[in-house]
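What follows is one structure encoded as structure tokens, with my remarks underneath.
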Amino acid sequence: MTNSDRRTFLRVLGGTALAAALPDSIARAMAIPANHRTGTIEDIEHIVVLMQENRSFDHYFGTLRGVRGFEDPRAVRLPSGQLVWHQPGGVGTVLPFHPTAPDLGLQFLQDLAHDWTSTHVAWNQGNYDQWVPAKGTTTMAYLDRKDIPFHYALADAFTICDAYHCSLLGPTDPNRYYLWTGWVGNDGAGGGPVVDNAEAGYGWSTFPEVLEAAGVSWKIYQDVGTGLTAAGFWGWTSNAYIGNYGDNSLLYFHQYQNAQPGSPLYEKAKTGTNISVGGTLFDVLKQDVANNSLPQVSYIVAPEAYTEHPNWPANYGAWYVSQVLDALTSNPDLWSKTAVFITYDENDGFFDHMVPPTVPPTAAQGQSTVATTNEIFPGNSTYPPGPYGLGARVPMIVVSPWSKGGYVCSQVFDHTSIIQFIEQRFGPGRGGLPESNITAWRRTVCGDLTTAFNFKNPNAAPASLPSTAGYRPPDNQRHPDYVPLPPLDQDMPAQEPGQRYARAIPYELDAHGRLDLAAGHFQISFGNTGGIGVCFQVRDGLNLNLPRSYTVEPGKSLSDSWAVVGEYDLSVHGPNGFFRRFKGSIVGLNPSNIEVGVSYDAHGGGLGLVLANRGAVPRLAIAKDAYTRQEFVQVLAPGESVGKYWPLRQSFGWYDVTVRVDDDAAFRRQLAGHVETGEDSASDPVIGAERRQHAEF
């Protein structure tokens, strides 16, 4: 971004200020420069994973400035024709709503169904329209900055990932198995596949064992509660303020259950603090930080009350997270070499508007250039078949000296991305990595989280975090559920105004549509000239076909067709706001057949548009970009094509071009997305802007 662009961006940003009050340790940490020995990922010496519980991205961050939240301009439409937030419920629809209880971040908001079956019912073959019937109206409840100011300030200070998904359309344990093993025993070995919280004992390999074999140090930080054996429920106790809530899922594997004192698996996964006999939650972590003995890879598991799992308050978790950061930043030299991933195992039953990428459930529902082996659960007597994932979006904040500055990273990730990041840092030359359990499809679609960092030029700008002292639990009690009710008068929530910096991501995608009048079908060709695989999703606005998904590896392409009888209305959705819409009719003597193609100017950040008249009569074509309001009008003779270059510097590389035909109201082509240049950019400027400025013409 040039100095001129930076000044423009800062003006557009809106000047959202961070809270002024913060713990001294965090204030010092923001001033500590990153270890910059090599200017690469090698500068990281410690990776810390803190996985909390059961919150969706929209539930926490749907109103956050500059992320793909409640003002996403390319959200999917349901079979009803309404945007995805209009979830059917009873006699009407339920929109996202903000509960009215005071101090919402400290309320004991009710827990919702989040099992395999109800989650697949909500997903509904990709139609995504059964959230309220499957989860209840509380699914649409959300929090905002005034409720969870620490979470928002953390996102403003560091880098938030707004396309990070949980790994499985289902509950806690299977999602944590993805974090620690790369899958849920999908091949049927070792007691898998597992799609519930049975905790029956399993035998497939785990990633910490891979680390151990490769000589990479690791450790689980937890409280032992009343014991880390089956009799002690693996750390899950009736006292929610001690133990590990059973969230150290390694303990459900036989090799850890059978590990004896003195063995690596025992010492690193079956030990911890013991609050019930004295001490505090963080004694072991603080000691290792002070002694410079923090391992290369650490996993932190909280007691139930601090996990953010409903019905526990979100801000109990904020207090816990702040204590972890205080411990890590108490040693400035260690902090300068440490990256922390703060994420959530699954979404509970809370709604998120982004339909997750999945493999095609059947051969009729899409294609893939990469093998989809072990990505479809075959079903059993208890649970229906369906794709394992990806699941709903969950929050992910990357906290480190290399991810400061309030960025958003919009590459698609899931829990296996954390494994992939560890592989990138500690794998080369060690022989024991990568993790073989991660499927080929998942490695193709989900990135390795390196794009969330700036290793070459770490952002050393100071940032601030509010105090969490008021969130420390006032008692050690459980409290009844808070069950909010949707308001009688509903309206879509607005996002905070302004943009945020955006990390460069390796997407370069295209979906080219062509109408074949003679054959009576519409063909879409999916191309990927970027650096990582992508999953496209196609939705039929006429409800003649189920949603389809198409996974395309880098440098490859594929195509599919849809039968057309009268009208057609197909929409293609991809990552980071990529969108194509092909709408029209073949009724009449001379239906419009304007073909639209694009090319990307990665150097200049512009878009090349080509219009070609494949029809039999001249047509007046009108193209307009919703961001810049530029318009291009051209009469096209049969067989004629014409090009137009759209400079996109003003919109930071974002485009949304609609092509219409003067005498054909049914015809429309819409092409939207972002041109990547390999440099950091800015978030979608229409998010958080006045909606009327982006109205269709």
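Please get the size of the charge dipole for segment 186-312, origin at its Cα centre, with Cβ charges of +1 on Lys and Arg and -1 on Asp and Glu, quoted in debye to the nearest 20.
Numbers: 4 positive and 12 negative charges, 56 e Å.
Dipole magnitude for segment 186-312 comes out near 260 debye.
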Would you mind checking which residues have amide H under 5 Å from Phe667's amide H? H placed 1.01 Å from N; only 5 or more apart, or other chain. Val661
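Taking the Cα centre of segment 541-667 as origin and charging only Cβ (+1 Lys, Arg; -1 Asp, Glu), how large is the dipole, in debye to the nearest 20? Mind dumping the intermediate values first?
On the way: 12 positive and 13 negative charges, 41 e Å.
Dipole size: approximately 200 debye.
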Residue-span extension gain [Gln490 to Ser330] - 0.36 nm each, minus C-alpha spacing: 52.9 nm
Dipole magnitude of the chain, debye to nearest 20 (Cβ charges: Lys/Arg +1, Asp/Glu -1, about Cα centre): 1280 debye
Can you give me the P(r) profile for segment 132-245? Cα pairs, bins 10 angstrom wide beginning at 0, each as a whole percent. 11, 24, 38, 23, 4
Based on the inverse mean of 1/r over its pairs of different Cα atoms, what is the Kirkwood hydrodynamic radius of segment 493-566, in Å? 14.7 Å
Surface per residue (accessible, 1.4 Å probe) for the chain, Å²: 35 Å²
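Segment 291-387: Rg/Rh from Cα coordinates, Kirkwood Rh? Show your work: numbers first, answer last.
Values: Rg = 20.0 Å, Rh = 17.8 Å.
Here Rg/Rh amounts to 1.13.
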Hey, how many Å between the Cα centroid of segment 483-523 and the Cα centroid of segment 629-675? 18 Å
Can you tell me how segment 119-164 classifies by the Cα gyration tensor, rounded, prolate or oblate, using a/c under 1.5 as the rounded cut? oblate
Is the shape of segment 298-449 rounded, prolate or oblate, going by the alpha carbon gyration tensor and its root eigenvalues a ≥ b ≥ c, with a/c under 1.5 for rounded and a/b larger than b/c for prolate? oblate
Of Val657, Ala101, Pro387, farthest towards positive along the dipole that unit charges on Lys, Arg, Asp, Glu beta carbons give the chain: Val657
Heavy-atom accessible area of the chain with neighbours in place, 1.4 angstrom probe: carbon+sulfur share in percent works out to 52 percent
Given the candidates Pro357, Asn590, Gly69, the one whose Cα lies deepest towards the positive end of the charge dipole of the chain, counting +1 at each Lys or Arg C-beta and -1 at each Asp or Glu C-beta, is Asn590
Only bridges whose two residues both fall in the chain count here: according to DSSP, what percent of them are antiparallel, nearest 5? 75 percent
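Taking 0.36 nm per intervening residue step and subtracting the Cα-Cα distance, what contour gain separates Ser525 from Asp481 on full extension? Write down the numbers at each step before the final one.
Details: separation 44, 0.36 × 44 = 15.84 nm, distance 4.98 nm.
Between Ser525 and Asp481, full extension yields 10.9 nm more.
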What are the radius of gyration and Dmax of segment 391-454, computed over its Cα atoms and given in Å? 12.6, 36
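How would you classify segment 197-335 from its alpha-carbon gyration tensor, with a ≥ b ≥ c the square roots of the eigenvalues: rounded for a/c under 1.5, else prolate if a/b is greater than b/c, otherwise oblate? Don't skip to the answer; put the middle values down first.
Working: a/c = 1.71, a/b = 1.08, b/c = 1.57.
Oblate, because a/c is 1.5 or more while a/b does not exceed b/c.
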Per residue of segment 102-114, what does 6.51 cos²θ - 1.76 cosθ + 1.60 with θ = phi - 60° give for ³J(HN,Hα)? Whole Hz please, x for Gly and Pro, Karplus curve as stated. x, 6, 4, x, 10, 7, 8, 4, 4, 7, 10, 4, 9
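Ranked highest first by average number of other Cβ atoms within 10 Å, how do 112-119, 573-580 line up?
On the way: 112-119: 21.0, 573-580: 22.5.
Output ranking for 112-119, 573-580: 573-580, 112-119.
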Kirkwood Rh in Å, taken over the chain so that all alpha-carbon pairs contribute: 26.0 Å
Please list, in chain and number order, the residues 5+ apart from His521 or on another chain whose amide H is under 5 Å from its amide H, with Hs placed from the backbone. Asp516, Val564
Which residue, chosen from Trp402, Gly89, Leu325, occupies the Cα position most advanced towards the positive end of the dipole of the chain, where the dipole is computed from +1 (Lys, Arg) and -1 (Asp, Glu) charges on Cβ about the Cα centre? Trp402
Can you list residues from other chains, or at least 5 along the same chain, whose modelled amide H is less than 5 Å from the amide H of Arg65? Glu496
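Divide by every residue of the chain the summed helix terms, -39500 (n - 2.57) for each DSSP H run of at least 4, and state the resulting mean residue ellipticity at 222 nm, rounded to the nearest 500 deg cm²/dmol.
Values: 15 runs with 119 residues, N = 697.
It lands at -4500 deg cm²/dmol.
The values are calculated or read from the model by the stated rules, or taken from the named source; none is laboratory data. If you're wondering where the values come from, they're calculated on a predicted model, not measured in any experiment. Neighbour counts are summed over all protein chains in view; Cβ atoms, including those assigned to glycine, are modelled from backbone coordinates with ideal geometry. Side chains are part of the model used for accessible areas, which takes the heavy atoms of the whole protein and leaves out ligands, DNA and RNA. Shrake-Rupley method; radii C 1.70, N 1.55, O 1.52, S 1.80 Å.
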